[in-house]
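Working notes, structure below.
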Amino acid sequence: MSKRRAICLTGLLLVLLLPVGLWSQQRSNPFTAHEREHIQVKTPGLWDKKGHHIFHMDSVSRHEWCFPLPGAKVLSPYGHRNGTTHSGVDIKTRAGDTIRAAFRGIVRLARPYGAYGNVIVVRHPGGLETIYSHNSRNLVASGDSVVAGQPIGLVGRTGRATTEHLHFEPRIDGEHFNPSLIFHLEQGVLRGECLRCTRKKSHVTVKVYP
Ligand SMILES: [Zn+2]
């Protein structure tokens, strides 16, 4: 085969295969560009007619959950702090420790994001999202499937952080809520109680149910 013909054939193959490659890339990541870029996004089809959504944490078995930073101590709880709202809990072991996915799911976002620094958002079955922030490194990318306990990042102090720690926050339909409804944070174990979320206009409340 002449050199020129070989180049032509290679070019033709590339033109034929490129759309297939792009298509499979789009197929493997279920999230839109907006969902891959932003922390606060809505979850389609979440609410029933009364504006409720239930998380069946009571039926999660031992191998289906993992405390995101095993052995960590609580530095700063969720809630009001110096006149502002702390949107998650700060927990600490040592710099460079492994951050683990709390439940199975798909990584929606993994990138640097303002005060969050290097941050990861995982969307779990049922619409719960968990956020892991200030990481020195993210070990996963948007579109990756993860299982509970899988290493997803390393503890750091990127973004607005004065010490190495993990800022962990759960969200529902883009709204953060108290992580102590999911985990007993001091013991690092799953609380395992059913949670009922209620949406009223832009406000979401999460309570142990019934
Ligand atoms: Zn924090």
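What does the helix-only formula give at 222 nm for the chain: each DSSP H stretch with n ≥ 4 adding -39500 (n - 2.57), the total divided by the residues, and the result rounded to the nearest 500 deg cm²/dmol? That calculation yields -5000 deg cm²/dmol at 222 nm.
Let me know the whole percent of all Cα-Cα pairs from the chain that are separated by more than 28 Å. In whole percent, the long-distance tail amounts to 33. Ranking of 50, 207, 92 by neighbouring Cβ atoms within 10 Å, starting from the fewest: 50, 207, 92.
Under 1.5 on a/c is rounded, so check that first for region 25-64, then, if it is not, pick prolate when a/b is larger than b/c and oblate when it is not; a ≥ b ≥ c are the square roots of the alpha carbon gyration tensor eigenvalues. Judged from the Cα gyration tensor, region 25-64 comes out oblate (a/c at least 1.5, b/c at or above a/b).
Ignoring lysines fewer than eight residues from residue 50 along the same chain, the ones with Cα atoms less than 17 angstrom from its Cα are 200, 201, 207.
Rule-based calculations on the coordinates, nothing more; no lab input. As the structure is a prediction and not an experimental result, all values here were calculated from the model. Every residue, glycine as well, gets a Cβ built from its backbone with ideal geometry; the counts of neighbours run over all protein chains shown.
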